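**Q** Questions regarding the structure given below will be posed in turn.
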Amino acid sequence: MVVAEILGLILAIIIVVVLFRVARNIPALIGNAVIGVIILVILNLFLSPPVVINIWSILISAIGGIAGVIIVVVLHFLGIAF
């Protein structure tokens with residue numbers, strides 16, 4: 001009985017530490033996503049054949065930030081996707 005309580009306490013501490021580390025990075029992830037989508041929209045105004053803005057290009061830009069936008073634009077110019 002005591003061993004189960006100790007293991008439960010250790011598990012709870014591990015979960016709290018992991019959640020704290022993830023929550024600490026959330027503002028940076030949100031900022032990265034906003035910057036990536038804004039850059040994609042601005043680039044779309046200046047590109048001759050505009051990049052199709054759909055759920056996939058937005059997700060790649062939001063997750064990848066500036067690097068994601070570069071990936072979307074390169075794939076668009078190569079004719080592979082978007």
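The values are calculated or read from the model by the stated rules, or taken from the named source; none is laboratory data. What you see is a predicted model, and the numbers here were worked out from it, not measured in a lab. Note that each Cβ is placed from the backbone with ideal geometry, even for glycine, and that neighbours are counted across all protein chains shown.
Here is a yes/no grid of residues against (1) of a type outside the set (A, V, I, L, M); (2) at pLDDT below 90:
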residue: Asn44; (1), (2): yes, yes
residue: Trp56; (1), (2): yes, no
residue: Gly68; (1), (2): yes, no
residue: Leu75; (1), (2): no, no
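**Q** May I ask you to verify whether Val22 is under 23 Å from the mean Cα position of the chain (by Cα), exposed (fewer than 13 other Cβ atoms within 10 Å of the Cβ) and part of a helix (DSSP H, G or I)? Give the derivation first.
**A** On the way: under 23 Å from the mean Cα position of the chain (by Cα): yes; exposed (fewer than 13 other Cβ atoms within 10 Å of the Cβ): yes; part of a helix (DSSP H, G or I): yes.
Against the criterion (under 23 Å from the mean Cα position of the chain (by Cα), exposed (fewer than 13 other Cβ atoms within 10 Å of the Cβ) and part of a helix (DSSP H, G or I)), Val22 qualifies.
**Q** Of the conditions (1) in a helix (DSSP H, G or I); (2) surrounded by 10 or more Cβ atoms within 10 Å (Cβ to Cβ); (3) more than 22 Å from the chain's Cα centre (by Cα), Pro50 clears all except one; give me its number.
**A** Pro50 satisfies all of (1) in a helix (DSSP H, G or I); (2) surrounded by 10 or more Cβ atoms within 10 Å (Cβ to Cβ); (3) more than 22 Å from the chain's Cα centre (by Cα) except (1).
**Q** Something else about it: Would you call Val41 touching a residue at least 12 places away in the same chain (Cβ under 8 Å), surrounded by 11 or more Cβ atoms within 10 Å (Cβ to Cβ) and not in a helix (DSSP H, G or I)?
**A** So Val41 fails the test.
**Q** For the structure I just gave you, tell me whether Ala12 is small (Gly, Ala, Ser), out of contact with any Phe, Trp or Tyr (no Cβ under 6 Å at 6 or more places or on another chain), surrounded by 10 or more Cβ atoms within 10 Å (Cβ to Cβ) and at pLDDT below 90.
**A** So Ala12 does not fit the description; no.
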